[in-house]
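One structure coming up, written as structure tokens, with questions to follow.
The values are calculated or read from the model by the stated rules, or taken from the named source; none is laboratory data. Remember, predicted model here, so these are calculated numbers, not experimental data. When we count neighbours, we look across all protein chains shown, and the Cβ atoms used for this are built from the backbone with ideal geometry, even at glycine.
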Protein chains: 2
Amino acid sequence: MRIVVVGGVAGGMSAAARLRRLDETAEIVVLERGPDVSFANCGLPYHVGGEIRNRSALLLHTPASLHASLDLDVRVRHEVTSIDRDARTVTVRDLEAGTDAVLGYDALVLATGAEPIVPPLPGLDRPEVRTLRTVPDADALRDLLDAGAQSAVVVGAGFIGLETVEAFRHRGLTVTLVELAPQVLPALDADMASMIEAELRAHDVDVRTGAGLAAVEDSRSGRAVDVVLSDGERIGADVVLLGVGVRPSTALARAAGLELSPAGAVVVTPSQQTSDPHIWAVGDAIQVTDFVTGAPGVVPLAGPANRQGRLAADAIMGRHVASSPVLGTAIVRVFGLTAAVTGPTSRRLTAAGVEHRVVHLHPGHHAGYYPGAESIHLAVIFAPDGGLLGAQAVGSAGVDKRIDVLATALRAGMTVDDLAELELAYAPPFGSAKDAINMAGFLAQNVLDGMLTTWSAAELDSVLDGSVLLLDVRSAREFAVGHLPGALNVPHTRLRGRIDEVVEAAAGRPVRALCASGFRSYLAHRVLTSHGLDSASLDGGLTTLLAARPDAPIVVDSVREPVLASR
Amino acid sequence: MRIVVVGGVAGGMSAAARLRRLDETAEIVVLERGPDVSFANCGLPYHVGGEIRNRSALLLHTPASLHASLDLDVRVRHEVTSIDRDARTVTVRDLEAGTDAVLGYDALVLATGAEPIVPPLPGLDRPEVRTLRTVPDADALRDLLDAGAQSAVVVGAGFIGLETVEAFRHRGLTVTLVELAPQVLPALDADMASMIEAELRAHDVDVRTGAGLAAVEDSRSGRAVDVVLSDGERIGADVVLLGVGVRPSTALARAAGLELSPAGAVVVTPSQQTSDPHIWAVGDAIQVTDFVTGAPGVVPLAGPANRQGRLAADAIMGRHVASSPVLGTAIVRVFGLTAAVTGPTSRRLTAAGVEHRVVHLHPGHHAGYYPGAESIHLAVIFAPDGGLLGAQAVGSAGVDKRIDVLATALRAGMTVDDLAELELAYAPPFGSAKDAINMAGFLAQNVLDGMLTTWSAAELDSVLDGSVLLLDVRSAREFAVGHLPGALNVPHTRLRGRIDEVVEAAAGRPVRALCASGFRSYLAHRVLTSHGLDSASLDGGLTTLLAARPDAPIVVDSVREPVLASR
């Protein structure tokens, strides 16, 4: 029995290794077009930036080590140019020798991955314009940096784009980040992503959202090239990184007549089988199902690719398997902050017509009384019946843990009630007796059972028009250093004693309470409703409001303290 | 309506705060015997050690702040001395004034907590012998240290004991740790806890397991006292910390005739109601149900206490609630290592007659190619049907995250198949494409479906008697620096070429393969079984074997490298 695997990185190599463990005698041939197999794709930006110093650290295996360990026949610089499905053969070109050969298979695994999108714009074929997908890509970028590049333009503020921005800054380049969308990191909702945008700006990155790339041209400014934006602006650069996304590499599958999705991804069964029963496919090249919405899509992530490879091997060996729908759990470090997500964004749920609620909170990553507690900015999305739909987190510590717990809860079909009851590990250096996750559950429960009515940044303009009483329940000192115009300041600890004043000020209008994070205004909301007032508490407080609306008008009575002292 | 809460720390204060949020008009009285409410019990060892410098950081609220924020009537140094259930009154002693008063209630919440066990042994009433449960306890310990204490004996190697050991070492004391059980940290299985014991020794802690306390007497060595062990040994000490556990503080409930468990804990319904329908109870004083075994028990942990307080408040206000069985998720930092657990240990499952399997593994806490990856020592316990039963982890980074994910998976009723499919956040600084949790799932799947047969440290003596072929598949260099006596060294990369040699050496005997962590011996196991050999792979490799059996005979052929270079 001969099994041929096309593509020797994440999904392909997982399939090959698992195949060997399942069957000691099968002939397993791995054909890889590039010069490397099993390389650390996700480590490339860190090698460019210098954190991973040795290039060799990226090369997890070689054909020789895979032969010794797993008796695999791994051939690099070998490209499969066609599949003859009837004959069950592939044509393989030896890219070094320039020769073609035909290789038969009993089972074929397509792990052809994805390729960076290069828009059809003028000048993108210049040598200073690079993508970052392979080790040679990283080599080329490092060569440009080592040759003295001083300024960079990164096009696309997704994961690769942001990691490369950090790498470039780490190497001392000035960096402009150009993103067509109105926000960075479109995998997150705008009010969470804006915290990452602020972090980029704090590290001197020139962030241009809502800006399109038009061309790369000869420079007028003495740099290697000029990046021309769609509004005509020119930005000089010595290196340009295109990080505008990837598309499935499925030319081979298409030519072989395998069923593809409208997006060009290979359609597979839950056992990773293509429309040809002798061909399986895995990884970035295939169509997957979204766990929450059930929508088909393409999710180019290493984790699912590796697991699909393992499942394909099991399926080929006759085992019953069923691959899982994909949550799209992802994480990125951006300077001192980390942003992570699991499940769809609120924006995507809205587009899909899925009814949902969102709560925002900013708990500490561990007990506040233990030194070093940092805020985690957390958004939890849930259905009207309490079922968890997704979550996002931004912060400097503990973000990965919370998103992993929420990804597990999401896959388990947990509700916000379950989040409230989760029993997580607590000692002062690690968490809180009521962990951030529990707090999110409590908060969502309160929203669902009517204990808490919230208002959000989306209502900002309408609450500023005088139709409501804005009631800021922070301390007088916090209020003085920055507040919304027209807000009445009654610290929550004084609210009961001053309730008549509030009722009078409301004069029949609804009361919209706010504080820094949403907790004190929740306490105030309970008091206000008990006095018969139409009340709502600002979800996530001013921290979330200012992240969602950095343009919000803020009145400053004092400059002694930053606007959110207790953030 | 008046609600009286007895005990103003975790569970009691959570109940009181939630009650106010549910009902603005109720009279809520909190009676606390001690001088502080809402203090950070779990932070006490860190204050003793100096990490939490300011005592005031431990005091999260005061009666005044709780009055201002939540309109609570909090009375410290007020002890409830009796309950008249028929009259629905409590008798309260003002410990400052020395006066008694009677206070009526419509609902009563008992959050009386637990008290440190002080065994009835001679000399434990000496001032140098302390427990650590309250802020005054921490004050007393700090006073002893500030007065020049140089040597300490800590009795009991549970969570408080270990945290206090670290605090004492942090303050420069010599420390002897005395534990009656044959291991430290009995909340973990012995083969995991022994890694913590090694860490203690590496930090110059004199660890005495299997050692009983007999008395504390006048010192013969010039220290403040001598701690006398049951074998007659005397250890001089300037301070002695008793950390041998706590028992529910239920004298009040007992005197009132409320139903107690044989262990003396208050028996409650899932809505936290005691045998008296007007009295609820929460926290360390109550009996809880173990999530996995269903057994009743007492779990004195802050997380469940806080959530029970919240639920009791809901129940009192007529909401339908059902508290959860308890997993016993817990974590402790011990110098550079962290140990954590969720669910019962293998030892406890065996005692309860619950059939189960355990796998051990040692994956990196993030991608190995990114600088700074540290091993996580992970034990995952599961049922024959794959259902997760518990987990333990020890390591220097990422331990809390993995145990929190496993605690979530355990509560969700997940199987090892689910662990294999979990989609966790991966970028090089945070995890791996196949996270430690996925790897645990793969490994357990392999054990259950017969891909992998394991042997363990429990079989060490029988595999050393010549009845099996011990096959060490590590590299020749690793083998030379330390191996089991009589083992044949065939590196796994050479196994296929040398299989005839192995068959001959086996001479019909079973083969017991081993490596450092269990992965290479798994690969070898697949090769060996394909050649018809009776094979098994050492679970967790030599790393787990040496943790379980530090006394294992090791033959050293070379002293150039530590015994487990690739550990």
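So, in the range A:272-319, of the ones that are farther than 27 Å from A:Ala383 by Cα and acidic (Asp, Glu), which residue ends up nearest to the other protein chains (Cβ to nearest Cβ)?
This residue is A:Asp314.
Could you list, in sequence order, all residues of the range B:123-177 that are touching a Lys or Arg at 6+ places or on another chain (Cβ under 9 Å), within 14 Å of chain A (Cβ to nearest Cβ) and among the hydrophobic types (A, V, I, L, M, F, W, C)?
Residues satisfying the conditions are B:Val135, B:Ala138, B:Ile160, B:Leu162.
Can you name the residue in the range A:490-503 that is within 12 Å of chain B (Cβ to nearest Cβ), without any contact (Cβ under 8 Å) to a residue 24 or more places away in the chain and part of a helix (DSSP H, G or I) and, of all such residues, is surrounded by the most Cβ atoms within 10 Å (Cβ to Cβ)?
Filtering the range A:490-503 for residues that are within 12 Å of chain B (Cβ to nearest Cβ), without any contact (Cβ under 8 Å) to a residue 24 or more places away in the chain and part of a helix (DSSP H, G or I), the one surrounded by the most Cβ atoms within 10 Å (Cβ to Cβ) comes out as A:Thr493.
Next question, about the same structure. Which members of the range B:408-429 meet the condition of being outside any helix (DSSP H, G or I) and in contact (Cβ under 8 Å) with a residue 60 or more places away in the chain?
B:Pro428, B:Pro429 - these are the residues of the range B:408-429 that are outside any helix (DSSP H, G or I) and in contact (Cβ under 8 Å) with a residue 60 or more places away in the chain.
Here is a yes/no grid of residues against (1) over 22 Å from the mean Cα position of the chain (by Cα); (2) part of a helix (DSSP H, G or I); (3) β-branched (Val, Ile, Thr); (4) within 13 Å of chain B (Cβ to nearest Cβ):
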| position | (1), (2), (3), (4) |
| --- | --- |
| A:Tyr370 | yes, no, no, yes |
| A:Ile381 | no, no, yes, no |
| A:Ala391 | no, no, no, yes |
| A:Ala397 | no, no, no, yes |
| A:Asp400 | no, yes, no, yes |
| A:Leu406 | no, yes, no, yes |
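Being more than 9 Å from every other protein chain (Cβ to nearest Cβ), under 25 Å from A:Ser249 (Cβ atoms) and of a type in the set (Gly, Ala, Ser) is the filter here, so list the residues in the range A:19-75 that pass it.
A:Gly34, A:Ser38
Yes or no: B:Gly518 within 26 Å of A:Gly309 (Cα to Cα), out of contact with any strand residue (DSSP E or B) (no Cβ under 9 Å at 6 or more places or on another chain) and more than 10 Å from chain A (Cβ to nearest Cβ)?
no
Let me confirm something: among B:Ala224, B:Ala237, B:Ala256, which residue is surrounded by 19 or more Cβ atoms within 10 Å (Cβ to Cβ), in the same structural domain as B:Gly34 (by TED's automatic domain parsing), more than 28 Å from B:Gly390 (Cβ to Cβ) and touching a strand residue (DSSP E or B) at 6+ places or on another chain (Cβ under 9 Å)?
Of B:Ala224, B:Ala237, B:Ala256, the one residue that is surrounded by 19 or more Cβ atoms within 10 Å (Cβ to Cβ), in the same structural domain as B:Gly34 (by TED's automatic domain parsing), more than 28 Å from B:Gly390 (Cβ to Cβ) and touching a strand residue (DSSP E or B) at 6+ places or on another chain (Cβ under 9 Å) is B:Ala256.
Listed here are the residues, each with its yes/no results for (1) farther than 17 Å from A:Gly441 by Cα; (2) not small (Gly, Ala, Ser).
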{"position": "A:Leu311", "(1), (2)": "yes, yes"}
{"position": "A:Arg319", "(1), (2)": "yes, yes"}
{"position": "A:Ala330", "(1), (2)": "yes, no"}
{"position": "A:Ala383", "(1), (2)": "no, no"}
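Taking the criterion of being part of a strand (DSSP E or B), in contact (Cβ under 8 Å) with a residue 40 or more places away in the chain and under 19 Å from the mean Cα position of the chain (by Cα), would at least one residue in the range A:203-222 satisfy it?
yes
Checking the conditions here, which among B:Ala552, B:Ala524, B:Ala506, B:Ala480 is surrounded by 18 or more Cβ atoms within 10 Å (Cβ to Cβ) and more than 14 Å from every other protein chain (Cβ to nearest Cβ)?
B:Ala506
Kindly indicate which of A:Leu44, A:Leu72 is of a type outside the set (D, E, K, R) and within 29 Å of B:His525 (Cβ to Cβ).
A:Leu72
Now, a different point. Out of B:Ala322, B:Ala339, report the one residue that is within 11 Å of chain A (Cβ to nearest Cβ) and not in a loop (DSSP other than H, G, I, E, B).
B:Ala339
While we're looking at this one, here's another question. It is to be established whether one or more residues within the range B:60-75 are part of a strand (DSSP E or B), closer than 13 Å to B:Met13 by Cβ, in contact (Cβ under 8 Å) with a residue 24 or more places away in the chain and under 32 Å from the mean Cα position of the chain (by Cα).
No, because not a single residue in the range B:60-75 is part of a strand (DSSP E or B), closer than 13 Å to B:Met13 by Cβ, in contact (Cβ under 8 Å) with a residue 24 or more places away in the chain and under 32 Å from the mean Cα position of the chain (by Cα).
For residues in the range B:155-213 being touching a strand residue (DSSP E or B) at 6+ places or on another chain (Cβ under 7 Å) and among the hydroxyl-bearing types (Ser, Thr, Tyr), which is farthest from B:Leu229 (Cα to Cα)?
That would be B:Thr164.
Further question: Quick one: in the range B:408-419, which of the residues that are among the aliphatic types (A, V, I, L, M) and facing chain A (nearest Cβ under 7 Å) is surrounded by the fewest Cβ atoms within 10 Å (Cβ to Cβ)?
B:Ala412
Those residues that are within 10 Å of chain B (Cβ to nearest Cβ) and either among the hydroxyl-bearing types (Ser, Thr, Tyr) or assigned to a loop (DSSP other than H, G, I, E, B) (or both), I need them from the range A:430-463; list them, please.
If the condition is that a residue be within 10 Å of chain B (Cβ to nearest Cβ) and either among the hydroxyl-bearing types (Ser, Thr, Tyr) or assigned to a loop (DSSP other than H, G, I, E, B) (or both), then A:Phe430, A:Gly431, A:Ser432, A:Ala433, A:Lys434, A:Asp435, A:Asp449, A:Met451, A:Leu452 are the ones that fit.
Residues are listed down the side, and each one gets a yes or a no for (1) at positive phi; (2) assigned by TED's automatic domain parsing to the domain that holds A:Glu96; (3) at pLDDT below 95; (4) touching a Gly at 6+ places or on another chain (Cβ under 8 Å):
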residue	(1), (2), (3), (4)
A:Met13	no, yes, no, yes
A:Val30	no, yes, no, yes
A:Ala40	no, yes, yes, no
A:Ser65	no, yes, no, no
A:Asp71	yes, yes, no, no
A:Val76	no, yes, no, yes
